[in-house]
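S.K.: A single structure is presented below for examination.
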Amino acid sequence: MTWLLILFGVALVCSPLMWLKQSPHQRRVTELRRLASSLTLQVSLHRRPDARDDELRLECICYRLPWTDSQCRQDWVLQNYSERGWDSHCSGWRWFGNQARPELHEIIAETIGKMPETVSAIIANSAGIGVIWDERGEVSDVQAISELLPGLRQKAEEICL
C-alpha cells in the first residue's frame, strides 16, 4: 500500500512536466519557424486573407519579408483561400480588398507557380510582402518561400519609386 501511494505521488509530480513536452507537430512547426527567422522572414499570426473589416480573429500564419524601402506602401491580397473577392489573372486565385498594380501581375504569376501548394495567399501591406501558409509543408517549402519573396519584393519596390 505504501508503494502504491509513493507511485501515485511520483505520477502526480511528473504529469505536469509531461505537458511541457512538445508533440511531434509542435516540434516541426518550431523548426520551420526557426528556419524562417534565420532566413530573415518574420512569422506572425494573421487574419484570414479574405477577412472583412469586422472579422478580427487571428487564425492564419503569415511568413513575411519586410520592405527595405520604408516609403513603399502597398496594400493588396491575392488569395485562393475562399471564393470571396474577384477573379485574377492567375487561375483559381482571387483578389481581395485591393489589387496589385498591373506591372506586378507577371512576377506574381511566376511566383505562384513556384510556391508550395499549401500557400493560400500572397499579401502586401505596410509591414511587408508575405504569404499565408498552413505550415503543413517541409523545410524545403520555407526555403522556397524565402527564395521567391525577395524577387517579388524587389519588383514591388521598383514600382513604388
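Nothing in this text is a laboratory measurement; each read-out follows from the coordinates by a stated rule. Just so you know, these numbers come straight off a predicted model, no measurement behind them. Here the Cβ positions follow ideal geometry from the backbone for every residue, glycine too, while neighbour counts run over all protein chains shown.
S.K.: Considering only region 23-33, I want to know if a residue exists there that is of a type outside the set (G, A, S), loosely packed, with under 10 Cβ neighbours inside 10 Å and under 30 Å from V131 (Cβ atoms).
M.R.: Looking through region 23-33, at least one residue is of a type outside the set (G, A, S), loosely packed, with under 10 Cβ neighbours inside 10 Å and under 30 Å from V131 (Cβ atoms).
S.K.: Take the conditions more than 16 Å from L39 (Cα to Cα) and small (G, A, S) and apply them to S140. Does it pass?
M.R.: no
S.K.: Kindly indicate the residue of region 96-137 that is among the hydroxyl-bearing types (S, T, Y) and crowded, with 16+ Cβ neighbours inside 10 Å and also farthest from Q71 (Cα to Cα) among those meeting that condition.
M.R.: Out of the qualifying residues, it is S120.
S.K.: Any idea which residue in region 74-122 is farthest from the chain's Cα centre (by Cα), counting only those that are within 19 Å of C60 (Cβ to Cβ) and of a type in the set (D, E)?
M.R.: E83
S.K.: Between a residue in region 136-161 that is outside any helix (DSSP H, G or I) and any residue that is among the aliphatic types (A, V, I, L, M) and surrounded by 17 or more Cβ atoms within 10 Å (Cβ to Cβ), which pairs come within a Cβ distance under 8 Å, given they are 6 or more apart or on different chains?
M.R.: If the second residue must be among the aliphatic types (A, V, I, L, M) and surrounded by 17 or more Cβ atoms within 10 Å (Cβ to Cβ), the pairs left are G137/L32.
S.K.: Here's another thing I want to ask about it. Considering only residues that are touching a helix residue (DSSP H, G or I) at 6+ places or on another chain (Cβ under 6 Å) and either β-branched (V, I, T) or within 22 Å of A109 (Cα to Cα) (or both), which ones fall in region 43-73?
M.R.: Within region 43-73, V43, Y63, L65, C72 qualify.
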